[in-house]
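J.: Please find one structure pasted underneath; my questions will follow.
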Amino acid sequence: MNELSVDHLLGIKSLKLDDFKLIFETANKFKEVINRPIKKVPSLRDITIANLFFENSTRTKLSFELAEKRLSADILNFSATGSSVNKGETLEDTVNNILSMKVDIIVIRHPNSGAAYFLSKKVKSKIINAGDGTHEHPTQALLDCFSLNEKIGNLKGKNIAIVGDILHSRVALSNIYALNTLGAKVMVCGPMSLIPKHIESLGVIVEKNLVKALRWCDAVNMLRVQSERMDLNYFTTTREYSQLYRLDVNKLKLIDKEVTILHPGPINRGVEISSEVADSKNAIILDQVENGVAVRMAVIYLLASKFKNNLTK
Ligand code: CP
């Protein structure tokens, strides 16, 4: 297969195993490129990309922008803060105005679940979901799995635990879909108030004891408590949460093995992970960020290639 099965990247749920293989093979090639003295390729000189960020971001926004620059695309950057969204403009009107400037691909982060899907039905550009509410964050899951592959090899049959605020996490949902497709076994761990009801229907194991989860897994993805999405109290105090669910040296000492540690960022040091563990040799947090650029280059390149092929058919 040399073409993605999808026209947009709205979520991991719609990707097939062959799509993962193609994205990872392409990302490996781009990883070589970005480690050369000249880190750019001219592939997308004829493509214009708009990065529309309606919600805060550090890693994803910078990573997409750098990936696009490395591919030589023209870029428009839009942040809702300071824009006419604050004067009441709708998402559709904002995007149509940007599209009048002849944009081929839109990268969108939005606080509302479904925003990327909604846009894909309204406009002709290709859409890449950079995180929509509590729904999906597909490029994060792709870079997580790519980084895991590098560190622990083929994920088929590997045990991967996802720990923390599963209920509000688009990273958790995208990772569950991705890891299932790649043949890994997935466990979610956290206080029951932060585990969605019926999540077993997605083929995951539920565990509320972090040490038991650590004994089971080959790698653990630690998630931030997403206080900004909470309108209720889901646990008594942050101190109590940290005592039970912070990944720290004391808990790691209770297991008799090494575990690879991921975190999508931003980290709340001391809450879900101690600084000592976040900065330890088994943590691949900065590798995830590095790989994010190559993986996003691959996604943009493959979607743009499909779009260009369709134009010439
Ligand atoms: N992992 C992630 O999405 O980080 P940002 O919110 O900083 O983009």
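J.: Apply 1/(1 + (r/R0)^6) to the Cβ-Cβ distance of D93 and F307, taking R0 = 22 Å, and write down the FRET efficiency to the nearest 0.05.
T.: 0.40
J.: At 0.36 nm per residue, minus the direct Cα-Cα distance, what do K122 and H198 gain on full extension? Give it in nm, one decimal, please.
T.: 24.1 nm
J.: Another one. Ignoring ligands, DNA and RNA, what percent of the 1.4 Å accessible area of the chain is carbon and sulfur? The partial results should precede the final answer.
T.: Details: 7260 of 14450 Å².
Carbon plus sulfur share of accessible area: 50 percent.
J.: Just how large is the dipole of the chain about the Cα centre, in debye to the nearest 20, putting +1 at every Lys and Arg Cβ and -1 at every Asp and Glu Cβ?
T.: Once rounded to the nearest 20, the dipole reads 480 debye.
J.: Please identify, among N35, N112, N175, the residue showing maximal mean-square fluctuation in a Gaussian network model of the chain using a 10 angstrom Cα cutoff.
T.: Among N35, N112, N175, the largest GNM mean-square fluctuation belongs to N35.
J.: Could you please put D18, D279, D256 in sequence from largest to smallest accessible area, using a 1.4 Å probe?
T.: Correct descending sequence by accessible area is D256, D279, D18.
J.: If you fit an axis through the alpha-carbon atoms of helix 285-312 and take the longest principal axis of the Cα set of the chain, what angle between them do you get, 0 to 90°, nearest 10?
T.: Tilt relative to the chain: about 30 degrees.
J.: Search the structure for amide H atoms under 5 Å from the amide H of I162, placed 1.01 Å from N in the peptide plane, and list their residues when 5 or more places away or on another chain.
T.: M187, V188, C189, N221
J.: Please tell me which of these pairs span more than 29 angstrom C-alpha to C-alpha: K87/K121; K121/K151; K13/K158; K31/K156?
T.: Check vs 29 Å cut-off fails for K121/K151.
J.: Given a Förster radius of 35 Å and the C-beta distance between K39 and N250 as r, what FRET efficiency does 1/(1 + (r/R0)^6) yield to the nearest 0.05?
T.: Calculated transfer efficiency: 0.25.
J.: In Å², what does the accessible area per residue of the chain work out to with a 1.4 Å probe?
T.: In whole numbers, the chain has 46 Å² accessible per residue.
J.: Additional query: Among L17, M1, Y301, whose Cα lies farthest out toward the positive end of the dipole of the chain, if unit charges sit on the beta carbon of Lys, Arg (+1) and Asp, Glu (-1)?
T.: Ranked along the dipole, the leading option is M1.
J.: Distance from the Cα centre of region 110-152 to that of region 1-32, in angstrom?
T.: Here the two parts' Cα centres lie 13 Å apart.
J.: Working with all protein chains in place, sort Y177, Y245, Y117 by solvent-accessible area computed with a 1.4 Å probe, largest first.
T.: Y117, Y177, Y245
The values are calculated or read from the model by the stated rules, or taken from the named source; none is laboratory data. Keep in mind the model is a prediction, meaning the values are calculated, not measured. Positions of Cβ are backbone-derived with ideal geometry, glycine not excepted, and every protein chain shown enters the neighbour counts. All accessible areas refer to the heavy atoms of the entire protein, side chains included, with ligands and DNA or RNA removed. Shrake-Rupley method; radii C 1.70, N 1.55, O 1.52, S 1.80 Å.
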